[in-house]
1. Inter-copy label distances at B:Ile52, 7 Å along the Cα→beta-carbon direction, one decimal in nm, shortest first?
2. Compare B:Gly38, B:Gly12, B:Gly58 in a GNM of chain B, Cα atoms joined below 10 Å, and give the one with the largest fluctuation.
3. Would you mind listing the distances between the B:Phe78 label point and the same position in each other copy? Use 7 Å along Cα-to-C-beta, nm, one decimal, shortest first.
4. Obtain the nm distance between the two label points defined at B:Phe78 and A:Asn7 by a simple spin-label model: each point lies 7 Å from its Cα along the Cα-to-C-beta direction.
5. Note down the nm distance, to one decimal, between modelled labels 7 Å out along Cα→Cβ at B:Arg88 and at B:Lys32.
6. Just report the Cα centroid separation between region B:28-90 and region A:1-74, whole Å.
7. Work out the charge dipole of the protein assembly as shown with +1 on the Cβ of Lys and Arg and -1 on the Cβ of Asp and Glu about the Cα centre, then indicate which of B:Thr19, A:Pro42, A:Thr20 is farthest towards its positive end.
8. Working from the pairwise distances between different alpha carbons, so that the mean of 1/r is found and then inverted, what is the protein assembly as shown's Kirkwood radius in Å?
Number of protein chains: 2
Amino acid sequence: MLDNIDNIEVVGLIAASLTTYAFLPQVYKTWKTKDVSGFSLPTFSLFFIGIIFWLVYGIYLESLSMIFANTITLISSFTLLVFIFKYRKR
Amino acid sequence: MLDNIDNIEVVGLIAASLTTYAFLPQVYKTWKTKDVSGFSLPTFSLFFIGIIFWLVYGIYLESLSMIFANTITLISSFTLLVFIFKYRKR
């Protein structure tokens, strides 16, 4: 069933799963604690914009792993960005 | 001079520059404030392992952007991981 996905795409999919899944505990923790004092707003803003470019790059390369990972990371990093704006002290 | 880098590699390099540069304000802020209370340790651990897989994937794909980005992100995410271990309250 996985015959048409070559070995390297398996490495890509492991990478994609790890970096995508990685953000979930952070989104959950920030949602629960509302503690965003340690976060850098420039970091999450630049990261979010960067993920858009990675998604475009992945679409051009027709990389299943990159499209999958960057679509979901786009959503989770956007959620974190909203939390940072919402909960930060001015 | 950029003739041998095609257009899509430019998109990849913009992506790489953004997500790589993005971590620097966070590393700086955490270094200065030692405030890691809001960080999720599972997030940064999984992210770090994921970046190793992305680097292997990028090397196989011979993607300059991915090799560049993931090498530097590996270093900055490792640095953040060290900070989280060092400064977290048990």
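1. Relative to the other copies, B:Ile52 has label-point distances of 3.3 nm.
2. Result: B:Gly38 has the largest fluctuation of those listed.
3. 3.4
4. The answer from the label model is 2.6 nm.
5. 2.4
6. 13
7. Of B:Thr19, A:Pro42, A:Thr20, it is A:Pro42.
8. Final number for the Kirkwood radius of the protein assembly as shown is 16.6 Å.
The values are calculated or read from the model by the stated rules, or taken from the named source; none is laboratory data. Since this is a predicted model, take the numbers as computed values, not measurements. In this analysis, Cβ positions are derived from the backbone assuming ideal geometry, glycine residues included, and neighbour counts consider all displayed protein chains. Heads up: the accessible areas ignore ligands, DNA and RNA and are worked out on the full protein's heavy atoms, side chains in. Shrake-Rupley method; radii C 1.70, N 1.55, O 1.52, S 1.80 Å.
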